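*Asks:* Before I ask anything, let me first share the structure, which is written out below as structure tokens.
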Amino acid sequence: MTPMNSVSVSTPKDIAQDMVQGCIARRLRQVNRMVTRLYDDALRGLGLTVNQLNILATVVSQGQMQPGHLGLVLGMEKSTVSRTIDRMAKRGWLEVGPGKDGRSQSLKATQQGRQLLVKAAPIWDELQAGVLDTVGTGGLTLLSGLGITAESEPETDFYATDDLATAFYQ
């Protein structure tokens, strides 16, 4: 792979090939898609996706929360949060009610949603162990280096250091 600082002597095709071959963001997205597919395939029998499971687990752990805060915690775009919680509410897993003021909403898990979380737990446990075995200590070191650890507080603002992204959610 050629260093990107030699742009003045590289052709657009050379630059593009360098980016395609070495882009960390692209590789991480590929890993994300692969892991998501593993979880989604395993959870399909429950009619659940890993994204929905993460939302459900976050809402259950918080007791009640606003959709905007959920998006911040999980690093999700507003439209994805809105679309997903609508689907989950229609399936009876979440209850969407009025928030503290007339403009906001509040989310809480229903009894059906909590029961689904309990049913999904053994599947999640098995997948989690398998993925952790696969990524090994090197993968965990990478995640830790990116500030993503098992000990991270779930209510931590995913975009706390990104003013633009934080403004997007407000």
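The values are calculated or read from the model by the stated rules, or taken from the named source; none is laboratory data. This one's a predicted model, so the numbers in the text were calculated from it and none came from an experiment. Virtual Cβ from ideal backbone geometry, glycine too; neighbours counted across all protein chains shown. Areas reflect the complete protein model, heavy atoms only, side chains present, ligands, DNA and RNA absent. Shrake-Rupley method; radii C 1.70, N 1.55, O 1.52, S 1.80 Å.
*Asks:* Rounded, prolate or oblate: which one fits the stretch 9-71, using the alpha carbon gyration tensor with axes a ≥ b ≥ c (rounded when a/c is under 1.5, else prolate when a/b beats b/c, else oblate)?
*Replies:* Oblate.
*Asks:* Within the stretch 1-135, what whole-number % of the accessible surface is contributed by carbon and sulfur, with the 1.4 Å probe and all protein chains included in the calculation?
*Replies:* Looking at the stretch 1-135 in its full context, I get 55 percent from C and S.
*Asks:* Follow-up. For a Förster distance of 25 Å, can you work out the FRET efficiency between the beta-carbons of Leu132 and Glu77, rounded to the nearest 0.05?
*Replies:* Computed FRET efficiency for Leu132 and Glu77: 0.35.
*Asks:* For the stretch 26-144, take every pair of Cα atoms, bin their distances at 10 Å starting from 0, and report each bin as a whole percent.
*Replies:* 12, 41, 33, 13, 2
*Asks:* Heavy-atom accessible area per residue, the stretch 14-56, 1.4 Å probe: how many Å²?
*Replies:* Ligands and nucleic acids excluded, the figure is 64 Å² per residue.
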